[in-house]
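Report on the following structure.
The values are calculated or read from the model by the stated rules, or taken from the named source; none is laboratory data. Given the structure is predicted, the values throughout are model-derived calculations rather than measurements. Ideal geometry is used to build each Cβ from the backbone, glycine not excepted, and the neighbour counts take in all protein chains shown.
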Amino acid sequence: MQKLLSTIMPAVAVWILTLILGVSVFAADEVSADPGSVDAARFSSSVLPLLQTHCFRCHGKAGQDGLIRLEGLSTDLVQDRAAAEHWHEVRNALHRGSMPPADEAILPEADRATIVNWIDSEIKRTSNLLRDRTGRVVMRRLNRTEYHHTMTDLLGLELDYARDLPPDAISEDGFSNDGQSLQMSPILLEYYLETARRALDRVIVSGPAPEVFRHEFTASNVKQWLGKPHYSNRLGRQQQFLAKIEKDYALAHDWRT
C-alpha cells in the first residue's frame with residue numbers, strides 16, 4: 001500500500017497544482033500549455049494571445065508557410081526536447097528581428113519583449129531543473145592516448161606527446177577513458193599546454209629552408225635487388241623493388257622519386 005501511495009501521490013500533487021493555478025490544456029488548434037511548466041498561466045494570459053495575433057497565420061496548422069509550427073507546440077521544455085529546440089529558434093528569430101518578415105505587420109517592441117522574456121525564463125527554468133536532476137556536466141579532458149593521437153593527426157609529427165602527462169586514472173571497469181575520472185584541473189591544463197608548446201616548437205621553425213635533394217631513376221634496378229640480402233636491409237628481408245620505372249609498366253606514368 002505504501003509503495004502504491006508513493007507512486008500515486010506525485011501525480012495527484014501535480015493535478016491539484018494544476019487546478020490551483022487554473023491551468024487548462026488548450027484544444028488542438030492552440031499551443032498546448034502543459035502543466036509541467038510552472039509559468040503556464042503567464043503563457044496563457046500574455047504570450048499565447050500575441051502568437052495568435054502575429055504568428056499563427058503563417059506558423060499555424062491552417063496554411064502553414066513557416067518551417068516551425070507554433071500552433072500546438074508544447075511548452076513543456078523539460079519533457080519535450082524537440083519543442084525546446086523550436087522555442088529556442090523562435091527566440092533567436094525574434095531577438096535578431098528576422099521575424100515577422102518585412103512583408104508582414106510590424107511586431108510591437110513590447111510584444112516582442114514579452115515573448116522573448118517568456119522563452120528565456122522557460123529555458124533558464126528548464127536548465128536549472130535538468131541540472132538538479134542529473135547534476136552539472138563537467139567538461140572532460142582527453143586521456144593520454146586520445147591526446148597523443150589528436151596531436152599526431154593535427155600536426156602530422158610523430159612525437160611522444162603524452163610523455164609529460166600524468167598517468168590516467170583507471171575506472172572500476174578497467175578503462176582509462178571514463179568521463180568521471182577525466183576532469184580537468186589547473187595543473188593538468190598546464191601539462192597539456194606545455195606539451196602543446198613543445199610540439200609547436202618542433203613544427204614551427206624559422207630560418208632558411210633546408211636544401212632539397214632530388215633523385216631521378218633512369219634505369220630499372222629491380223633485378224639487382226631481388227633475392228640479394230646484401231642489397232636489402234640489415235635484417236636480410238628480400239626487397240621486392242626499389243623504384244618503379246616507366247618502362248616496366250604498360251601505362252605511362254612519371255615514376256620519379
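Quick look at the numbers
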item: Of all residues in segment 98-134 being small (Gly, Ala, Ser) and surrounded by 12 or more Cβ atoms within 10 Å (Cβ to Cβ), the one that is farthest from residue 56 (Cα to Cα); result: 127
item: Residue match in segment 47-59 (condition: in the same structural domain as residue 127 (by TED's automatic domain parsing), more than 30 Å from the chain's Cα centre (by Cα) and at pLDDT below 80); result: yes
item: Residue match in segment 186-208 (condition: under 30 Å from residue 56 (Cα atoms) and touching a Phe, Trp or Tyr at 6+ places or on another chain (Cβ under 8 Å)); result: no
item: Yes/no for residue 7 being closer than 21 Å to residue 118 by Cα, in a helix (DSSP H, G or I) and at pLDDT below 85; result: no
item: Filter result for the condition that a residue is in a loop (DSSP other than H, G, I, E, B), under 20 Å from the mean Cα position of the chain (by Cα), surrounded by 14 or more Cβ atoms within 10 Å (Cβ to Cβ) and touching a residue at least 24 places away in the same chain (Cβ under 8 Å), over 142, 159, 165; result: 142
item: Test: residue in segment 146-156 that is exposed (fewer than 12 other Cβ atoms within 10 Å of the Cβ) and under 30 Å from residue 51 (Cβ atoms); result: no
item: Segment 190-242, residues that are more than 52 Å from the chain's Cα centre (by Cα), exposed (fewer than 10 other Cβ atoms within 10 Å of the Cβ) and either in a helix (DSSP H, G or I) or at pLDDT 85 or above (or both); result: 223, 230
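Matching residues to (1) assigned by TED's automatic domain parsing to the domain that holds residue 47; (2) more than 26 Å from the chain's Cα centre (by Cα); (3) within 20 Å of residue 46 (Cα to Cα):
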| position | (1), (2), (3) |
| --- | --- |
| 68 | yes, no, no |
| 73 | yes, no, yes |
| 84 | yes, no, yes |
| 88 | yes, no, yes |
| 93 | yes, no, yes |
| 102 | yes, yes, no |
| 106 | yes, yes, yes |
| 110 | yes, yes, yes |
